[in-house]
Amino acid sequence: MATSTQIILGVLPLAVISFLMIGRYWSATRAMPIAWVVAAAVGYFGWSMTPRWIFASSINGAITATNILWIVFGAILLLYTLKQTGAFDVINAGFTAISDDRRVQVVLLVFLMGSFIESAAGFGTPAAIVGPLLVGLGFPPLAAVVVALTGNLMAITFGAVGTPLIIGLQDIFESSDPISAAVAAEGMNVEQWVAEIGLWAATHHVIVGMVLPFISVAMMTRFFGEERSIKPALEVLPLTMFAWASFAVPYILTAMYLGPTFPGLFGSMVGMAVTVTALRAGYLEPDETWDFGSKADWPDHWIGDIQPGESTRRDVAVATDGGTVTADSKQMSLPRAWTPYLVLAGLLVLTRVIDPLTAFLTSTLVFEWADILGTGMSNDFALLYLPGAIFVFVHLLTIPLHGMDTTEIKAAWIESTEKVTPAVIALIFAVATVQIMIQSGQSAGIDSMLVVLSEATANAAGAVYPFFAALVGAFGAFLAGSNTVSDILFGTFQYNIATDLGVSRTIVVGAQAVGGAIGNLVAIHNVVAALAVVGLVGEEGRVIRLELIPLAYYATMTGLLTLLFVYVVSPGVF
């Protein structure tokens, strides 16, 4: 049983992060080194961590940060490649041809396309792709990050073709003899049980996420619109509800009949096809076009190093019909401009679902540090499997496809390096801080800071704990930046709490899976990575403060549903 002193000490690193970044608007580059010092001190004095364990945990975090930076660099490189060739201008013109209303663009790009990318790749990839696309369309970079982080939340639980549920829960539960035995006693195997957990998670998402596309649009109009109101968002409520329904029906059916691998993929593909078809047929298009106010009136913190809507080629002229871009008497069609992203999406899916290919990529050019400083911790850098390699590969394919010359290639690499550099310190210290909190109990054989804080929550909540189950999952993802890691950290914990309370373990663990998605809204290194790709590192506090709004809604509604499900709808114990 944790002492009150341990609970207070365990909160300190989080309190420092919250005060500096949310309260004082400090950048992560300034705040996270201080948080690391505080976490190290708490680990040393409160958890008896030796310096060896503290530095091993930090090294472990640095390796994870390198994985993230590789993804971010690849995303930025592809972005600047397409800007150099003029393809970005064509893509923007193509979206304008469907609708030049910013609200419609958020529904298509953020909710539907972002959900597809999350479902295929995970790893924070949607913000790395969708954020720059929005900026290219003329969105303020800060607005692009806020909506890009918000809109694909329903897909995160099933991201990277089901990784959070398969790796985060199924693999962990299969390795636990007591849990495997309990599942077998119910006439199931762990894989079948995790599919049921996924169905309950999808049920939460479908109900709570009904207004998710609307929230994304409302966040934009309320905080970045000239009128600072949600009224323009209400005007497209029919469109947001239609897009949600087009996504939700195949999403829940896939979870029901095919398991946790493809709900997000099928939901987003069907949703995109149906919604675009409806818009092209003249349905659901707003009567009046909504746009941001004059750029001259935008606050300075809305824009960083990348100017919104600005072509990077002086010899590019966008055709008035949005069909082609002319550059040096050459024309680029819309399909040709989109080809790199289409190839990217295809490769992301193929490398995750074709087992021989996955096995090759996860075993080739993998740089592993096993038993870091003799602590038993290990981590690796899978150069080819991470989405960063796929971004770079598509960049190389784009060189001949779009006829890039040496000057353009060099410019893309230089600009990409310049943009990713500011995120290095923030990410390394952020993930190192998290690792100290995660590993804090290992050296002394006691509960870590995370478990202490979670158990304190469970003990205080008692019978109403199911309301907080999703928040615990969100807490794990906030720190680790990963739904998968949150499930690994707290899946068994949630199972045990549900067992002690005598309520459905399936539903409570399902709430954990939803919570892991919620926490990605404010996960520090997700926010840093999203800001990095739009050239706005340093505004993490502003973004996190805004993302607390959808987080509060989603966590509250998920908590209420969990209470309803475990005590009224399905009051069983498994």
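Data overview
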item	result
Linear extension gain, MET256 paired with PHE19, 0.36 nm per residue minus alpha-carbon span	81.0 nm
Residue-normalised accessible area of the chain, expressed per residue, 1.4 Å probe, Å²	37
Whole-number percent relative contact order across the chain, with pairs defined as alpha carbons under 8 Å at least 6 apart	27
Per principal axis, descending, Cα span of region 58-207 in whole Å	59, 41, 23
In Å, descending, principal axis extents of the Cα set of region 379-520	66, 32, 21
Furthest towards positive pole of dipole, ILE91, GLY535, PRO232, structure part the chain, Cβ charges	GLY535
With every protein chain in place, region 43-128: carbon and sulfur % of accessible area (1.4 Å)	67
Kirkwood-based shape ratio for the chain, expressed as Rg/Rh from alpha carbons	0.96
Protection proxy ranking of 451-460, 465-474 - average other beta-carbon atoms within 10 Å, highest first	465-474, 451-460
Environment charge of LEU169, counting only residues whose C-beta is closer than 13 Å and scoring Lys/Arg +1, Asp/Glu -1	-4
Overall Cα dimensions of region 478-528 - principal axes, largest extent first, Å	40, 14, 13
Cα pair distances of region 469-574 binned at 5 Å [whole percent]	3, 15, 21, 20, 16, 11, 7, 5, 3, 1, 0
Area projected by the alpha carbon convex hull of region 91-177, averaged over all directions, nm²	5.6
Dipole magnitude of region 362-510, debye to nearest 20 (Cβ charges: Lys/Arg +1, Asp/Glu -1, about Cα centre)	220
Estimated dipole of the chain in Debye, rounded to 20 [Cβ of Lys and Arg +1, of Asp and Glu -1, Cα centre]	480
Kirkwood-Stokes translational diffusion coefficient of region 46-144, alpha-carbon pairs, 10 °C, 1.306 mPa s, µm²/s	102
Listed residue (MET241, PHE158, ILE63) projecting farthest to the positive dipole end of the chain, Cβ model	ILE63
Solvent-accessible surface ranking, highest first, for MET437, MET557, MET256 at 1.4 angstrom	MET256, MET557, MET437
Rounded accessible area of THR261 (nearest 10 Å², 1.4 Å probe)	40
0 to 90° range, to nearest 10: angle between helix 125-137 axis and the chain longest Cα axis	30
LEU561 accessible area, 1.4 Å probe, all protein chains in place, Å² to nearest 10	20
Candidate residues TYR495, TYR257: accessible-area rank, largest first, probe 1.4 Å	TYR257, TYR495
For region 439-493: rounded, prolate or oblate by the Cα gyration tensor [a/c cutoff 1.5]	oblate
Charge sum, other residues only, whose C-beta stays under 15 Å from ALA423's C-beta, Lys/Arg counted +1 and Asp/Glu -1	-3
With all protein chains modelled, accessible area of ASP500 [1.4 Å, Å²]	130
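The values are calculated or read from the model by the stated rules, or taken from the named source; none is laboratory data. Because the structure is a prediction, the values reported are computed rather than measured. Reconstructed Cβ throughout: ideal geometry from the backbone, glycine too, with neighbour counts over all protein chains shown. Note: accessible area is taken over every heavy atom of the protein model, side chains too, but ligands, DNA and RNA are not part of it. Shrake-Rupley method; radii C 1.70, N 1.55, O 1.52, S 1.80 Å.
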